[in-house]
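The values are calculated or read from the model by the stated rules, or taken from the named source; none is laboratory data. Everything numeric here is computed off the predicted structure, so don't read it as measured data. Cβ coordinates were reconstructed from backbone atoms using ideal geometry, including for glycine residues, and neighbour counts include every protein chain displayed. Ligands, DNA and RNA are excluded from the accessible area calculation, which covers all protein heavy atoms including side chains. Shrake-Rupley method; radii C 1.70, N 1.55, O 1.52, S 1.80 Å.
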Amino acid sequence: MQELGKAELNSTRIIRQDDNRVVIEKDLDTEYMVLSMGPQHPSTHGVLRLECITDGEVVVEAEPYLGYLHRCFEKYCEKVDYPGIVPYTDRMDYLAGMNTEMAYCIAVEKLLDIEIPRRVEFIRVIVAELNRIASHLVAIGTYGIDLGAFTPFLFCFRDREHILNLLEWISGARMLYNYIWIGGLSYDVPADFKKRVAEFVTYFKPKTVELQKLLTENEIFVKRTRGIGLMPADVAINYGWSGPMLRGSGVDWDLRRNDPYSVYPELDFKVALPDPKFCEIGDCLARHVVRAIEMEESLKIIEQCLDRMPEVDGFNSRASIPKKIRPKAGEVYARAENPRGEVGFYIVSDGKSTKPLRCKARSSCFVNLSAMKDLSKGQLIPDLVAIIGSIDIVLGEVDR
Amino acid sequence: MSEYFSNIKIGASTIATGMAITLKHFFNAVKRKGDAGIDDADYFKQVDGLCTLQYPREVVPTPTIGRYRLFNNIEDCIGCNQCDRACPVECITIETIKVTSDDLAACGKTSGGQQKRFWLPVFDIDVAKCMTCGICVSVCPTDCLVHSPVADFSEFDVRNMVYHYGNLSKIEADAKRKKLEEEKAAKEKAAAEAAARGEAPPRPAPKPKPAPGPAPEGAEAGE
Amino acid sequence: MSHAPSLNTWSDALAGFNLGWFPLGLVIVAAIPLVFIALYALTYGVYGERKISAFMQDRLGPMEVGPWGLLQTLADILKLLQKEDIVPTAADKFLFVIGPLVMFVGSFLAFVVLPFGPAFIGADLNVGLFYAIGIVALEVVGILASGWGSNNKWALYGAVRSVAQIVSYEIPASIALLCGAMMAGTLSMQQFCVAQSGPFGLLHWYLFSNPVAWLPFLIYFISSLAETNRAPFDIPEAESELVAGFFTEYTGMKFAMFFLAEYGSMFMVSGIISIVFLGGWASPLPNIGSFALNTMTSGPVWGTFWIIMKSFFFIFVQMWLRWTLPRLRVDQLMYLCWKVLTPFAFVAFVLTAVWEIYK
């Protein structure tokens, strides 16, 4: 018997048998099916579209298609002056507006080379960390939904509501804050703010424990996520991953510590890393656990900030805002640790205009999503859903 | 083999823990969270139990700082156009008519005592476009443009989302425009006469107070 | 064994009632479970589940239609009735239409052997339990027909998953029920209840009278979750993976049929588990001295009450599990069924046999 040739992904074989008859053999089960997952699919977290080539339930290859939420952020930046871009940065990562605003403002402040009052810095860190908690709550809650657990999601949203109320109280808006302005803040915090945030921290601590018991430690949840979507540290670095995704792969990297900005160097916090006893380093569970630990670390940061925040009588949070923002010619790249990873703004100023010549946003989940093709190879469809959920994409930021 | 049994044990115990949590919440359902706002001192004392608020009847109070529907107090508006220029989404449309010198008193002053120099036949805010960023509010010199904490202003027709704040009707506006033309014509005539008389034309700053300088225009050209 | 002489009196009397040649009584006997399913699915099934899940999740649930949202389900049904009945052009029309019907009929046929109290049963078959196990499996044919006929990739996945699921759960479920049959020495549903009723109330139930009965009880309960496609085994309809699984393409009343069938089979498996292990219509209250609580709370009407209450309790547990647990993956379900439940079911089988011989 002699094999003469193969065609169509090994499904067809042409064989010359011993009696010189040539036969064409065909396997029964090797027809691939193209499955378009999304943009209208319950677990693609918005309008992501995955074109999966599937062999039965096994995904042979999944190709993410983007652009369903593209809003020309970068081009628009060239048409709007520097303060006017801030509300657009909110709309990039709409779950963590404060963090993105902060990154953008740091970039412009670097370009302008201006000094920020300490109180403003502390308030910025508090709101950014509150928003990080809110964002991780959504990530964890929706991850539960992806795996079929609905109740943790609503518990997460119940607690997120308190954060949104707090942020609405200081900024006037619930999700798209425009609170952090270049050089300052749009408003100082209300008198009771510190007390209320401290109350929130005491309220929220037992809730994280409950969430951990209900979801993270649940054996079905662990079985669904452990060892799924493994990403080794070196590949993760090569992909340019950042944030909880990178830390989930066991890389001890946090911009708040490694490239500190604002008042983070003064604060004492731990970079969240997964526990190798509970999960495999680099799997979906590790990424989930990193987010859960980060929420607790954020609570610690908030507590420290509340202690150290200087009280200034008659503080005007807008006093340090430059009257006319027209940076001298130059370029700057500033980055910050978003809930989803490194978000950075590269801004070029021509020195004449009140509008940036170019504003490039480095989006964290766009980069994280780029590994999707690699991660999804040979996974089952339920695992594919678990992997998408663990990347925690916000399509507003992916497409910008 | 021991792993097999420990797996079953862990599975059973974690499932039992989870079920205990949901059952606790189930029996906690006799209590309901109140609708106190975040600025209420008791806010975090009332968070146990069902947290649904039935929206139109029970509302989470919007904080006074709440940035929702734009409102312009036209009485105080001096028509400086700064909000229009600052708005990133161009949701504000303003048309101004300069006030003739004899009308200054009729046009009135702002509550801050500033003389208004423009009629505002059109001051439209398209709140459907507005993204409530609050930049226009921050640049307003007389604080007449504010975001009110009214969060629910939905409409069946999107055209109703355009709010008209202009203080002149169309007929009035035409009249004012005509008046301005006449005054201008009269002035030009006077100037021409003066020039004809050989006097040096009194090179005045032609626009008395064009509040927002056209400075940024040069910058725009640079792009 | 106190009720033995007067079993099935109501249903027998009703079945014998003919209107000329027309067997009106039989039609009524058949209609009673149907009306019951519809009523219970309306009230406890949909409304109850929504409320229970809401309370577990710190929500209020439906509140707008009627007092406490009681009429919400009626409003939903009105809405479903008005929906356009869409049959996709590329669908296999025959399978598409017949799928929900087969599924509903499968869950409804099993009610034939479900005793609603000591005096009412559709047909007191001497192989009642066997019949029930067999007929409930008919649902999978409906799922496969609708999933294949929809000509939708998600529906196809759901259908194929469902078939993979049935071969996994049917074996431990059947063996667990076999343990019950061994304890009772019969397959007749009525005789199960009779064997477990007595003056000491719940002490006569196999779950409490037999020290090994909890094992087949748990095994059957877990498999019954898979049987009804409820979380954590809602793999054929897994809404976050397969959009809506096998009923992705269905609208209107066809969609409602799936719902009705799901709630029907939920009641069915809860009924079976309460009959086999918890005495069915037998009263849980014991006779204490002169307080003849058991005797007072037995009889046809009380029996109906008890069996419905017991089933409702298990339905509550099913809902409770659903709103607590994440979903298993399809291969994990098979692991659970083949490698955990089936060996334990065999162990339970042997233990029960040993107990029955040496008790």
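The table below lists the values:
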| read-out | value |
| --- | --- |
| 13 Å Cα cut-off, lysine pairs counted over region B:69-189 (separation 8 or more, or different chains) | 8 |
| Of A:ILE85, A:PRO39, A:LEU375, farthest towards positive along the dipole that unit charges on Lys, Arg, Asp, Glu beta carbons give chain A | A:ILE85 |
| Efficiency of FRET between C:TRP355 and C:ALA164 - r from beta-carbon atoms, R0 41 angstrom, step 0.05 | 0.75 |
| Residue-wise HN-Hα coupling along region A:135-149, computed from phi with Karplus coefficients 6.51, -1.76, 1.60 (Hz; x: Gly, Pro) | 5, 5, 4, 5, 4, 5, x, 5, 5, x, 4, 4, 9, x, 9 |
| Karplus-derived HN-Hα couplings along region C:128-134 (A = 6.51, B = -1.76, C = 1.60, θ = phi - 60°), whole Hz, x at Gly and Pro | x, 5, 4, 4, 5, 4, x |
| Those Cys residues of chain A for which no other cysteine Cβ falls under 4.7 Å | A:CYS52, A:CYS72, A:CYS105, A:CYS156, A:CYS279, A:CYS284, A:CYS305, A:CYS365 |
| MRE, 222 nm, helices only [DSSP H, n ≥ 4, -39500 (n - 2.57), over chain B, to nearest 500] | -10500 deg cm²/dmol |
| Using alpha-carbon coordinates, inclination of helix C:214-227 to the longest axis of chain C, degrees | 20 degrees |
| Choice from B:THR100, B:THR52, B:THR22 showing the highest fluctuation, given a GNM over chain B with Cα pairs closer than 10 Å | B:THR22 |
| Efficiency of FRET between B:VAL59 and C:THR295 - r from beta-carbon atoms, R0 35 angstrom, step 0.05 | 0.05 |
| For region C:4-358: accessible area per residue (Å², 1.4 Å) | 39 Å² |
| Label-zone membership for region A:376-394, site A:ILE53, 7 angstrom Cα→C-beta point, backbone N under 13 Å | A:377-378 |
| Lysine pair count for chain C [Cα-Cα under 29 Å; pairs on different chains or 8 or more apart] | 14 |
| Per-residue average of Cβ from other chains inside 10 Å of B:127-140 | 4 |
| Distant-in-sequence amide H partners of B:LEU70 (H built 1.01 Å from N, under 5 Å) | B:SER148 |
| Residues of region B:69-189: accessible area per residue with a 1.4 Å probe, Å² | 54 Å² |
| Tensor-based shape of the protein assembly as shown (alpha-carbon gyration tensor, a/c under 1.5 rounded, otherwise prolate or oblate) | prolate |
| Residue-averaged 222 nm ellipticity for chain A, from DSSP H runs of 4+ at -39500 (n - 2.57), nearest 500 | -13500 deg cm²/dmol |
| In degrees, nearest ten, helix A:82-92 long axis to first principal axis of chain A (Cα) | 40 degrees |
| Drop in accessible area of at least 30 Å² in the complex versus isolated chain, residues of region C:43-84, 1.4 Å probe | C:PHE55, C:MET56, C:GLN57, C:ASP58, C:ARG59, C:LEU60, C:GLU64 |
| Neighbourhood net charge (11 Å Cβ-Cβ; Lys/Arg +1, Asp/Glu -1) for A:GLY240 | 0 |
| Cβ charges +1 (Lys, Arg) and -1 (Asp, Glu), total dipole of region C:218-329, debye | 280 debye |
| Region B:69-189 - Rg (one decimal) and Dmax (whole number), Cα, Å | 15.6, 54 |
| Chain A shape via C-alpha gyration tensor axes, a/c threshold 1.5 | prolate |
| Chain C, helix-only ellipticity at 222 nm - DSSP H runs n ≥ 4, -39,500 (n - 2.57), divided by all residues, nearest 500 | -19500 deg cm²/dmol |
| Dipole of region A:169-216 [Lys/Arg +1, Asp/Glu -1 at C-beta], most positive-end residue of A:ALA191, A:LEU215, A:TYR179 | A:LEU215 |
| Rounded to 10°, Cα long-axis angle of helix B:2-27 versus longest principal axis of chain B | 60 degrees |
| Long-range amide H partners of A:ALA173 with built H, under 5 Å | B:ARG67 |
| For chain A, with +1 on Lys and Arg beta carbons and -1 on Asp and Glu, the positive-most of A:MET245, A:TYR261, A:ALA386 along the dipole | A:TYR261 |
| Net charge dipole size for region A:136-261 [Lys, Arg +1 and Asp, Glu -1 on Cβ; Debye, nearest 20] | 220 debye |
| Share of carbon and sulfur in the accessible heavy-atom surface of the protein assembly as shown [1.4 Å probe, %] | 62 percent |
| Summed residue charge, Cβ within 14 Å of A:ASP254's Cβ, Lys/Arg positive, Asp/Glu negative | +1 |
| Cα pair distances exceeding 15 angstrom across region C:220-275, given as percent | 52 percent |
| Computed label-point distance, nm, for sites B:ALA36 and A:LYS352 using a 7 Å Cα→Cβ extension | 5.9 nm |
| Largest to smallest accessible area among A:TYR333, A:TYR88 [probe 1.4 Å] | A:TYR333, A:TYR88 |
| Three-way shape label, region A:155-202, alpha-carbon gyration tensor, a/c 1.5 | oblate |
| Environment charge at B:ALA41 (Cβ cut-off 12 Å; Lys +1, Arg +1, Asp -1, Glu -1) | -2 |
